[in-house]
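Colleague: Take a look at this one; I'll ask things after.
The values are calculated or read from the model by the stated rules, or taken from the named source; none is laboratory data. None of these values were measured; they are calculated from a predicted model. Methodologically, a virtual Cβ is constructed for each residue, glycine included, from the backbone with ideal geometry; neighbour enumeration extends over all protein chains shown. Heads up: the accessible areas ignore ligands, DNA and RNA and are worked out on the full protein's heavy atoms, side chains in. Shrake-Rupley method; radii C 1.70, N 1.55, O 1.52, S 1.80 Å.
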Amino acid sequence: MSTIDNLKDRKTPVFSPEDVTVVFVLGGPGAGKGTQCERLVARHGFAHLSAGDLLRAEQSRPNSQFGDLIRDHIRNGLIVPMEVTIALLEASMRQILDEPTAVTSTSTSTQTGDKKKKGKFLIDGFPRKLDQAIKFEEAVVPAQFVLFYDCPEAEMERRLLERGKTSGREDDNAESIRKRFRTFIETSMPVVDYFEKQDRVVKIDATPAPDQVFEATEKELEKRLGGGKLA
Ligand code: AMP
């Protein structure tokens, strides 16, 4: 991934927030981020990028130089180094923005007459560590806000163990789940606190059933995005 070298020194975002709307989606493992994102994609035309899914795909890609490193981190519930994750996200965003049938609309810049694409992205399971948050906003694009799904650990554990019966995921077992919870509390909650201090967190109670959580999500997004962006 050539973007990795290029990322290290980049100090200005490659996308403009006027063209690209990014909402970070956070919550503990099993909080239901993926379920809610699927619904938002179906109803509101977001593109959904899951950091975990992108990492798993890269791990399975033949000849990936990062396969072993990613596998090791995922199994231990650890945060994969940020350059890898951000490069994968940026490459996916670019690919989606370049697709002719992408979930995007086009606008014409009055000054240049250039066609510019607009995209709406839910970035799920990211940023999970403060350095990722800072680097992504500095080098890729500033996000609108964080959608934070708040759920008690006992309920998340119940959901993950249930999912583990059929998911085939190497980290949906009791030991990995415990490590993932620890990582979430120690490393990812400081990210939520960081955005909270900037009044950029939309907190949703993720304990109820998915329909109810979705209703609350739509209501909050409408308030925050409004202006046709939720469409
Ligand atoms: P998830 O699919 O969101 O439950 O993520 C599964 C695993 O992928 C995590 O436990 C981490 O090991 C890794 N991972 C997911 N998102 C990130 C991220 N933003 N940064 C680094 N590692 C991640």
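Colleague: Among the residues of the stretch 23-52, which ones are under 17 Å from Ser92 (Cβ atoms) and in a strand (DSSP E or B)?
Modeller: Residues satisfying the conditions are Val23, Phe24, Val25, Ala47, His48, Leu49, Ser50.
Colleague: Kindly establish whether Glu38 is acidic (Asp, Glu), under 19 Å from Ala133 (Cα atoms) and under 15 Å from the mean Cα position of the chain (by Cα). Write out each step before concluding.
Modeller: Working: acidic (Asp, Glu): yes; under 19 Å from Ala133 (Cα atoms): no; under 15 Å from the mean Cα position of the chain (by Cα): yes.
For Glu38, the condition - acidic (Asp, Glu), under 19 Å from Ala133 (Cα atoms) and under 15 Å from the mean Cα position of the chain (by Cα) - is not met.
Colleague: Please note which helices (runs of 4 or more DSSP H) are completely contained in the stretch 129-231 and include at least 3 residues that are in contact with a helix residue (DSSP H, G or I) (Cβ under 8 Å, 6 or more places away or on another chain) and open to solvent by 60 Å² or more (accessible area, probe 1.4 Å).
Modeller: Fully inside the stretch 129-231 and qualifying: 153-167.
Colleague: Taking only pairs six or more apart or across chains, which ones have beta-carbon atoms under 9 Å, a first residue in the stretch 203-217 that is aromatic (Phe, Trp, Tyr), and a second residue that is open to solvent by 40 Å² or more (accessible area, probe 1.4 Å) and assigned to a helix (DSSP H, G or I)?
Modeller: Between residues of the stretch 203-217 that are aromatic (Phe, Trp, Tyr) and residues that are open to solvent by 40 Å² or more (accessible area, probe 1.4 Å) and assigned to a helix (DSSP H, G or I), the close pairs are Phe214/Thr35; Phe214/Arg39; Phe214/Arg43.
Colleague: Under 9 Å between Cβ atoms, which residue pairs at least 6 apart in sequence (or on different chains) link something in the stretch 65-79 that is more than 11 Å from Ser176 (Cα to Cα) with a partner that is more than 11 Å from the ligand (Cβ to nearest atom)?
Modeller: Gln65/Met1; Phe66/Met1; Gly67/Ser60; Gly67/Arg61; Ile70/Ser64
Colleague: When you look at Asp98, is it modelled with pLDDT under 95, farther than 26 Å from Cys151 by Cβ, surrounded by 15 or more Cβ atoms within 10 Å (Cβ to Cβ) and out of contact with any Asp or Glu (no Cβ under 7 Å at 6 or more places or on another chain), yes or no?
Modeller: No.
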